[in-house]
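Only one structure is covered here, and it is reproduced in the block below.
The values are calculated or read from the model by the stated rules, or taken from the named source; none is laboratory data. Note that this is a predicted model, so its numbers are computed, not measured. Virtual Cβ from ideal backbone geometry, glycine too; neighbours counted across all protein chains shown.
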Amino acid sequence: MAPRVSIVVPSFNQARYLETALRSVLDQDYPNLEVLVIDAGSTDGSLAILQRYASRLAYWVSEPDAGQADGINKGLRRATGEIVAWLNSDDVYLPGAIRQAVEALGAEAGAGLVYADGIMVDSEQVLLDRHRYRPLELVDLLSFEVLLQPTVFMRRSLLEQVGYLDASYQLILDHELWVRFAAHARLHHVRSYWALERTHAEAKTIARAGDFVAEARRLLEAAAGDARLASTMRQHARRIDAGFNVFAARRLIDAGQYRPAFRHVLTALRRHPPTVARYWYKFVQAAGSALGLAGVFFWYRRTRRRLQHGRQTVSAGLSDPLPREDP
């Protein structure tokens, strides 16, 4: 029998996107699926959507919670599937994602979680960028190379072993959990598109970009005192510090804080130049923006996206959602 998969959908005042997210889960080609929606007390019409889909949901509730981690943990603790994941209510699964994740975990017995590639879209699901990832391990995650959260599927048994989301983190709560997973088991990457991640003005990656830095620093401080992580922290100290500074620079650029971003890039360059080399364009962007040329980079990004993609809307219902990439 196909293993049960539990998908938790946390939501708060996301009626604009909620139905698309739910349909992307419920319409998957996988037979043994449990969907749990944890709404934090929405007042924007979300409840009407949930009531319409109630017969297809294993569980749903709408009540105040203590934040995103608390809401997701509520769902994860109720989940009965061997494999679990969560999909934020403004993101979207692509067709076949759950089936492929189950197949990958079945083939990779030593993997604690699997993840894949994703597609960045705007509020109208207009294509912005493709995000290709590579196989990552513990040192990569400690260096703040991130997984695309909506593509991650976990073994529930390992989740219960390492613990649920740490509610003291509001912004990098998923990354902190992946670090704990990587300290216990291998991560497995599947080269396939599994999800759309939506970026819009209300998304925390945009609205609170500058606040990520403090949480990232706190994660590394905690890792240095963790017996499972301390040796990796010492062995790769320069690379990890450089990765933190590149991550900080990227978030500060998103927040429009170009001068401190440039200082972080310079620190990363001194600590571990190869880490900066992978993000050379961020070095150029931070330096140029610190000199008052931010508008040039926004123009370049808009122009590049327009030339590459035009105004292409990505549909969650397409089996092949994007044109083929050049080899």
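Among the residues of segment 169-188, the ones that are of a type in the set (Ser, Thr, Tyr) and either in contact with a strand residue (DSSP E or B) (Cβ under 8 Å, 6 or more places away or on another chain) or free of Cβ contacts under 8 Å to residues at least 60 places away in the same chain (or both) come to 0 in all.
Of the residues making up segment 10-68, those that are within 24 Å of Tyr169 (Cα to Cα) and among the basic types (Lys, Arg) number 0.
When restricted to residues that are surrounded by fewer than 19 Cβ atoms within 10 Å (Cβ to Cβ) and among the β-branched types (Val, Ile, Thr), segment 163-202 contains 1. Counting only helices (runs of 4 or more DSSP H) wholly contained in segment 220-289, the ones carrying 1 or more residues that are basic (Lys, Arg) occupy 230-235, 237-254, 258-271.
Scanning segment 147-174 for residues that are of a type in the set (Ser, Thr, Tyr) and either farther than 17 Å from Val8 by Cα or not in a helix (DSSP H, G or I) (or both) yields Tyr164, Ser168, Tyr169. Please work out which residue is farthest from His184 (Cα to Cα), limiting yourself to segment 109-155 and to residues that are in contact with an Asp or Glu (Cβ under 9 Å, 6 or more places away or on another chain) and of a type in the set (S, T, N, Q). Among those that are in contact with an Asp or Glu (Cβ under 9 Å, 6 or more places away or on another chain) and of a type in the set (S, T, N, Q), it is Ser123. When you check Ala248 against the structure, is it at pLDDT 85 or above and either touching a Pro at 6+ places or on another chain (Cβ under 9 Å) or surrounded by fewer than 20 Cβ atoms within 10 Å (Cβ to Cβ) (or both), yes or no? Judged against the criteria, Ala248 is a match.
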